[in-house]
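Notes for the one structure printed next.
Bear in mind that the values in this text are calculations on the coordinates, not laboratory data. Computed from a predicted structure; not experimentally measured. Note: ideal-geometry Cβ built from the backbone for every residue, glycine included; neighbour counts use all protein chains shown.
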């Protein structure tokens, strides 16, 4: 901008310098020069375009008369520059053009303009319109908020589906234990009915007074045999119910306690026998004795249940038979190893890569949700503090190795997701 000078009467003068004036007028940002008392001394063409003002209506006039809404802010900035001599930069200004109704935004930069003596005689203002940038930023914020809302809803839906999947697994355990309990209870009921009928016949024979020693001995033998069968079968039923109650309570409450992982694995797998028998799938459990964990038996059992159901559904499709081998052993002094292996159809590389991804399944048309192995991964990593490794190939079966600490980390307080 041309150097400002003062006339003898104190009026600000701009010497005619055509080259500098051309640069000023063709600058890509809005430029203006304000007097210390906030009058427009000069305005370039770009400022008239972005602000919708005219040079004739502003030159020589006070800011307060031209843009009353901005007058206080402008006066405060000019006053600060006059007092400190320091520029003021990065001030965002919002307002409306006189010929438009939409609000527009500008980023402004304010610098002192000095006379040859060093005295501040005016303030240069540069204004860059940032309306489109602000709109784009707002659109990005709106899109981000919408994405976060959608993600939150997706997570809520995923949590609901995971809970449904866990309840479905528990429901299958209920069906299994109901079938297992039905066998000893049914035998017990048959024995009790036989004993009741024999007791009536014995009582009638005694009432007639023709009771023979052979009848007495036969009845005593029947009572002994019936008693043995009733105790054995009712004991088996009570054992199954107690085992199921413990497994169900563990899976629903996620309480931490000390347990033997081999014994717990045997309890959990015993409730899957019906489904395994129906599919003609053999399950073999090999457990190292005297193992102990201070961890979460419910999530541990959930891992076994999900692995078994996943293997039944995916490793042995279309009614194929096979074997599942499970091994529980120590892995050093601080860890145990759970090895789950089947001799099923195996996985090609593209499926293996996505095996633990949520909602990924190759059996969706059969009602699968794709959450079984995802739940396994989250429980192992987040609740039990362990790690897992999957090995599989087409026609080569699948092996899942899980390494768990004997003492679960105390800071992992969140339940499986």
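Normalising the Debye intensity of region 245-346 to I(0), with uniform scatterers on Cα atoms only, and taking log10 at q = 0.10 Å⁻¹ returns -0.28. For region 279-327, the Kirkwood hydrodynamic radius from C-alpha pairs, put into Stokes-Einstein at 37 °C and a viscosity of 0.692 mPa s, yields a diffusion coefficient of 265 µm² per second. Obtain the nm distance between the two label points defined at residue 135 and residue 29 by a simple spin-label model: each point lies 7 Å from its Cα along the Cα-to-C-beta direction. Those two pseudo-labels are separated by 2.2 nm. Site pair residue 207 and residue 150 shows an inter-label distance of 8.2 nm when each label is modelled 7 Å from Cα along Cα→Cβ.
Put in order of Cβ neighbour count within 10 Å, fewest first, the listed residues 141, 256 become 141, 256.
In a fully extended conformation the segment linking residue 54 and residue 273 would gain 69.9 nm over its present Cα-Cα distance, using 0.36 nm per residue.
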